[in-house]
Amino acid sequence: MEKAVKTHRPRQAGPKAEKKKPNKNAEKNNPKAFASFSGQKADRTIRRNLDKDQTKLHVPLVDRTPLEAPPVVVAVVGPPGTGKTTLIQSLVKRYTKHGLAEIKGPVTLVSGKQRRLTFIECNNDVNSMIDVAKVADLVLLLIDASFGMEMETFEFLNILQVHGFPKVMGVLTHLDKFKDNKRLRKTKKRLKHRFWTEIYQGAKLFYLSGLINGRYLKNEIMNLSRFISVMKFRPLIWRNTHPYILADRVEDLTDPETLRTQPKSDRTVSLYGYMRGTNIKPDMKVHIPGVGDQRISEISLLPDPCPKPEKVRKTLSDKHKLIYAPMSDVSGILYDKDAVYINVPGHFSKRGGDNVDEDEQEMRGAGEKMVFDLQNAPETFADNIAKSQLRLFNSSEGITGVEQESSDGRQRRRWEDPTQSDGEDDGDDSDDEGDMVDNDDENLSADDSDDSEESDEDELDSRNAGRRRVRLVELNNDEGDDEDQIAFADSDSNLDDDDDDDLNGDTRWRQKLLEKVNNGFALKKRVNLMDLVYGDNPTDLNENNEDSDGSQVNDESGLFRVRKATRNTDRSLALADACKVEAKSEDLNQWAEESTLESLRGRFITAQPASATDEQGIGGEEAEVFGDFEDLETGEKVEGKDGEGGEAGEADAQTDLTKRKEELKRKFDAQYDGSDDESGAANMYESIKEDMAKQATINREEFMDDDVNLRAQVEGYRPGTYVRIILKNIPCEFIENFDPTYPVIVGGLLASEENFGFMQVRIKRHRWHKKTLKNNDPLIISLGWRRFQSIPIYSLNDGTRNRMLKYTPEHMHCLATFYGPTTPPNTGFCAFQQLTDNTAAFRLSATGVVLEIDKSTEIVKKLKLTGVPYKVFKNTAFVKDMFTSALEVAKFEGASIRTVSGIRGQVKKHVGKPEGSFRATFEDKILMSDIVFLRAWYPVKPKRFYNPVVSLLLSSKSEWQGLRTVGQLRRDEGLKAPVNKDSLYKPVERKTRRFNALRIPKGLQSDLPFASKPKLLKKQSKPSLMTRRAVVLEPHEKKVASLIQALNTIHKDKERKRKEKVTEKRAKYLKKKEADEATTAGKKKEKMKEFYRDEGKKRAREAAAAEGGNRKRSKRDD
C-alpha cells in the first residue's frame, strides 16, 4: 500500500516567505517590463493622471505671510464635555512642559524652530463660534465618540464654510467608554465616514483613547502635535486683504479719578496682540465683534513676548520653549509698554535661607523668584552707583562719583578726579557749588540746544558709562561784537569754572571732542537760503569757526578753544551742502570758453543730428566712460585697462541688446505662433506662482533697510509684530463684564467698508432649518467682521425685474436686499434668527454670498387692479371701479389691460362720471359680465435698519436679544393672528351660464353648401310613430316567450349554485395547501438544523486536528 503524498504547504512567515512575496517596486524599477500594450488602457491611464493633476490646481493667491510670521491660531472647538480644556493642557505640556490649571484667553507658545502656536478654546456659544471661525488657521474639532456628532458640531462646520473654511482636523474622545472592541471599531468607521462627508475624503481624524492622571496619552498627543507643527496653510481671501488682531490681553487705562466721579463713563482701553493679515495703518477704523466700530487712537510696537529662537538648532532647549498666556497668569508675569506686573499668590514674607527647602524653591514661578531675589538684594542701587568707576582708557585710573547737595536741597553727582590733590578738589567743590545751575532753569536757544545735545550725547554716551552733560551757552564779549563764544563744561557743576584751566593727560580726550563739536556746530548752523541764492553778500557759514590763518583764542575754562573765523566765500557753498564736493574756481574757468560748451551740445535731446565725424568723436568720448573714472562722493579712483575698457563695455552693451531682442522675439512667437514648449500650458500655473513670489519678494525688500518706526508710518504695522492698540470711548460695560474665555478680535476695516447702504445677496435657507424665512422678518447676519441685525426683503429675478417673494423658496436660491455696512462682493455670510442656546433645533437659518453693492434698490411686487364694464360697444367699453380719481387714470393712460376671457385692451381716456371711470379699447367686443384687470408693479423699499450685536457688553454673553419677529411677539404676548374675512378661502359657487343658440338667417343657409349647412334637428315635441305603435302577440308567441323566460331563470339559478360550490371547494383547497406548506417548512427547518449541526461538528474536528498538527510540528521544531 502506497503512502499518501502530502500536499505542499508554502511558508507563511520567515525569510523564505519574504523571498516568495511579489516585489512591490518591480513596476517602478522596470517600467518597460510592465508597460501595457493596450491603447485603451494607456488612454485611461493618461486621462486619470490628467484628472489628478487638475484636481490639485486652485486659483493662485498671493501669500502675504511675512518672514517673521505671527503665531498660528489653533482653535479647539466642540460641545461641552468633549475634553477641550484637557486637550489644550496636554498639548501645552507636550510643547513647553508647563502645566496650566485653567485656560483663559489665548495661549501662545513656541512649538518649533520656525513656528509658534496660539491655542484658543471656543465656548459653546454661537457668537464665540462665529468669531473663532473668522480668525482660526487650524481647527481641532472634538467629537464625543460615545455620544456621536452633536448639533453644535454641524453648526460650526456650516459657519466655517461661509467664512473661508480653514484646515480642520477631527479628534475623537471618550473612546475608553467602549468595552467591546467590535463596537468601538464600527463606531470609529461610522464617525470617520460621516466626518469625511462633511469635510472632504481623507480628512485627518485622531483618536484619544483615554486619560492618565488627567492627561491624554503621551504617544497620542505627540502624534497630534507633530501633525500640527508641520501643517501647511493656504491663504484665505478675507484674511489676506484685512488686518486683524486676536487680543491676548486687555487693560483699562481710564483715569482713576474719572472712574471715581463717573463710574459709567466711557473707558480708554488698550489691547495687546499679534498683527495678522495685512498691514494696519495708525488711524485706521476697526471693528470689535460684540462691541462695535472704533477708531484707533494710538498704536505702538512692543517687544515680542514669545519670540522664536534666534539661532537654528536641531532641537529646542527648555529655555527656548516659551509660553505666553497673560490671561491665564502663566508664571505670574505681565509685560506692558512701560511696566512689568508680577502677580505672586500667597505671602511675601522673607524667610531665612536655611528654612527654605530646595523643593519649595523649585516650585516657585518666575515672578515669585523675582520678588524674593529683590528682597535678598544686599545693597541698594545708589550704593552700587557710588562705588562705580569710570575708566576712559585701559591704562588710565578709574574716576569715582561724589554726591553733592545743591542750594535747593537736591542731591547732585559729579565726577571726582583721583589724580588731583585733596586741596584742589575742595576748592573746585566750593566753586562748583556757587556756580551750579539747574538744568531746568537754563534758557538755551533752540539752535544751540539742539546742536549741543546732538554733539555731546553722540560722543560722551559712547565713552562714559555715566552721562556727562555738556552745555552750550551764548555769551557776548566785552567789545559788543556779534561773534558767539561757545563755553563747554565738564559737567553741570563746573560750568564757567575759572580755576580749572589745566589740560593734563586726563583731558587729552577733549581735544578730539573739540574738533568734532566745532565741525558739527558749523555744519548744522542754519542758513538763509534766500540770501544765499539771490543776495549779493551771502551769509558766511564758516563764521566764528575758523579764520584764514587758523588763529585760535583760548576759552576761559581752558577746556576748549574758540576760533575766530573770517568770511570765506569760496567754502560757503561746500559747507551749505556737505554732501556735495567743493569745486575750485580754477576748474570752473574752462566753462567760460565757447568750445567747451559746444562739446556738450550733442548730449541734449535738442541737439541737431551730428555728422559722421562728430559721431566718431562722440563715440570716442563715450569710450572713456568705461576707462578711468573717479567716484566724486567717496573720492575713490578706479582705473580701467588701457585699450580694453571701451571694448569690454561695448561688448557688454551688445550682449545685453542681443538678449533683449531674443526675449522680445520669443514673446512675439509665443503670442502669435504658440509656444514651442508643449508643456507651456501645463507650466502656466507654476509661472503664475513664480511671478507672485517674485512680486512678494520685491515688496518685502522695498522697506527692508528702513527704520522700524518710519516703516510703520509709511506702510503700516506689519503682520507678525506685537502691537499695543489704544481705543477711546469704549462702553464701560466692556470692562465691567469682561470675560477672558470669550475671544476679543480687532478687525481692520477698509475704506469702502466704513459706508452703509443696501446690499443685494444670494441667499438660501438651510435645509436643516425647520421654519421657512418670511419677508420683513429680522435676521442676525454675520458678514465680514461684523455681526448685526437687519430686515431683508426676498426677491426673484424673472429676467426683467426683481419680483418680491413673501417666503424663501424650498431648496432654491433667491435674492435678498438688506441695509448694512457695505462689503466687497463674493463675501460669504450666514444668518440666524436667534443666538440663544435654549433651543434644540438647528440654529443656522441661511447662508449666502454678496452679489453687488448699490444704494438704490429695484424690487417690485405684483398689483392687480380690477374693474367692470358699464357700457359696451363694438371695440370700445367704459370701465368703472378700477380707479378712484381722474389723476390715477391719467397716470395709467396707455397701460395694457385684459379681461378674464383673454381679450386684450388699452386704457384710453378718463370720462366724467362716475369718478375714476375711463374709456378703453379692446381687440374684440367684450361682455357685460367680463371682469377687466390691470397688472401693475409696485416698488418696495427695504427698511434702513441696522442693529449691531453687542454681546461682549452683556454679563451673560449668549442672552443678547434684538428685534423680535412678529410671530415671536404674538407668542410672547399671547396674541392671535388677525383674521381678514376677505383672505379666507370660501367655496366657489359658479352659476350655470345659458348661451343663446346659434341663429343663421335662412337666406344665408340657402346659399351655404350642404357640408356647411346646420344639421341640428329640433327636439321632437310629440312621440314618434314607432313609440306610439302597439305590439300584439299571438297565443303561440306568448307561450314561446314565457317558456324562454322560464328557461333563462332556471339557467341563471343553476349557474349561481355552481359558482358557490366552486368558491367553497377552492377555499377548502387553499386551507389544505397552507397546512401542507407549513408541514413542509417545518421538516425543511429540522433538516437544515441537522445539516448545520453536522457541518459545525465536522469543522470543529478539522480545526482540532489542524491545531494538533501544529503542536506536533512545533514540538519537532523544538
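Based on Cβ point charges of +1 for Lys and Arg and -1 for Asp and Glu, what charge dipole magnitude is obtained for the range 72-235 about its Cα centre, in debye rounded to the nearest 20?
The dipole magnitude comes to about 980 debye.
How compact and how long is the range 804-951, expressed as Rg and Dmax of its alpha-carbon atoms in Å?
Over the range 804-951's Cα set, Rg and Dmax evaluate to 23.3, 71 Å.
As a quick test, which of the pairs Lys167/Lys689; Lys806/Lys957; Lys913/Lys986 have an alpha carbon distance above 24 angstrom in this structure? Working shown, then result.
Values: Lys167/Lys689 21 Å; Lys806/Lys957 33 Å; Lys913/Lys986 34 Å.
From the list (Lys167/Lys689; Lys806/Lys957; Lys913/Lys986), the Cα-Cα distance tops 24 Å for Lys806/Lys957; Lys913/Lys986.
In nm, give the distance between the simple-model label positions of Phe154 and Leu1016, each being 7 Å from the Cα along the Cα-to-Cβ direction.
In this crude label model, Phe154 to Leu1016 measures out at 6.5 nm.
Give me the number: length gained by fully extending Asp318 to Arg904, i.e. 0.36 nm times residue separation minus the C-alpha to C-alpha distance, one decimal in nm.
202.0 nm
Does a label point 7 Å from the Cα of Thr65, set along Cα-to-beta-carbon, have any residues of the range 154-190 with amide nitrogen under 13 Å, and which are they?
Inside the label zone: 167.
Quick one: which of 264-270, 72-78, 703-709 comes out on top by average Cβ neighbours within 10 Å, and what's the full order, highest first?
Going by the mean number of other Cβ atoms within 10 Å, highest first, we get 72-78, 264-270, 703-709.
For the range 198-325, how many pairs of lysine residues have a Cα-Cα distance under 17 Å, where the two are 8 or more positions apart or belong to different chains?
Details: Lys204/Lys232; Lys308/Lys319; Lys308/Lys321; Lys311/Lys319; Lys311/Lys321.
The result is 5.
Lys179: which lysines have alpha carbons under 16 Å from its alpha carbon, excluding same-chain residues fewer than 8 sequence positions away?
Lys188
If r is the Cβ-Cβ distance from Val849 to Asp1053 and R0 is 56 Å, what FRET efficiency results, to the nearest 0.05?
The value I calculate is 0.10.
Over the Cα atoms of the range 72-235, Rg to Rh with Kirkwood Rh, two decimal places?
Radius of gyration over Kirkwood radius for the range 72-235 works out to 0.93.
Give me the extension gain from Ala33 to Trp768: residue separation times 0.36 nm, minus the current Cα-Cα distance, reported in nm with one decimal.
259.1 nm
Using 7 Å Cα-to-Cβ label points, what is the Ser1006/Asp972 separation (nm, one decimal)?
For Ser1006 paired with Asp972, the spin-label model returns 8.8 nm.
Can you figure out the FRET efficiency of Asp705 with Glu593, using R₀ = 41 Å and their beta-carbon distance, to the nearest 0.05?
Efficiency computed from Cβ-Cβ geometry: 0.40.
Determine the order of Arg11, Arg1058 by accessible area, beginning with the largest, at a probe radius of 1.4 Å.
Working: Arg11 170, Arg1058 125 Å².
Solvent-accessible surface, decreasing: Arg11, Arg1058.
Rounded to a whole number of µm²/s, how large is the Stokes-Einstein D of the range 877-933 at 10 °C and 1.306 mPa s, given Rh as the Kirkwood radius over C-alpha pairs? Working shown, then result.
Values: Rh = 11.2 Å.
Rounded, D is 142 µm²/s.
Along the Cα→Cβ direction, 7 angstrom out, place labels at Arg993 and Lys1087. What is the inter-label distance in nm?
7.7 nm
Contour minus end-to-end for Asp176 and Arg666, with contour as 0.36 nm per residue of separation and end-to-end as the Cα-Cα distance?
169.7 nm
Dipole of the range 72-235 (Lys/Arg Cβ +1, Asp/Glu Cβ -1, origin at the Cα centre): which of Met151, Val73, Tyr95 lies farthest to the positive side?
In the range 72-235, that residue is Tyr95.
Within the range 766-807, list the trypsin sites (Lys or Arg not before Pro) lying in a DSSP loop whose Cβ has at most 10 other Cβ atoms in a 10 Å radius. Let's see the in-between values first.
Working: sites: Arg767, Lys770, Lys771, Lys774, Arg786, Arg787, Arg801, Arg803, Lys806; in loops: Arg767, Lys770, Lys771, Arg801, Lys806.
Those satisfying the criteria are Arg767, Lys770, Lys806.
The values are calculated or read from the model by the stated rules, or taken from the named source; none is laboratory data. Everything numeric here is computed off the predicted structure, so don't read it as measured data. Using ideal geometry, Cβ is built from the backbone for each residue, glycine included, and neighbour counts are taken over all protein chains shown. Accessible surface areas use protein heavy atoms only, side chains included; no ligands, DNA or RNA. Shrake-Rupley method; radii C 1.70, N 1.55, O 1.52, S 1.80 Å.
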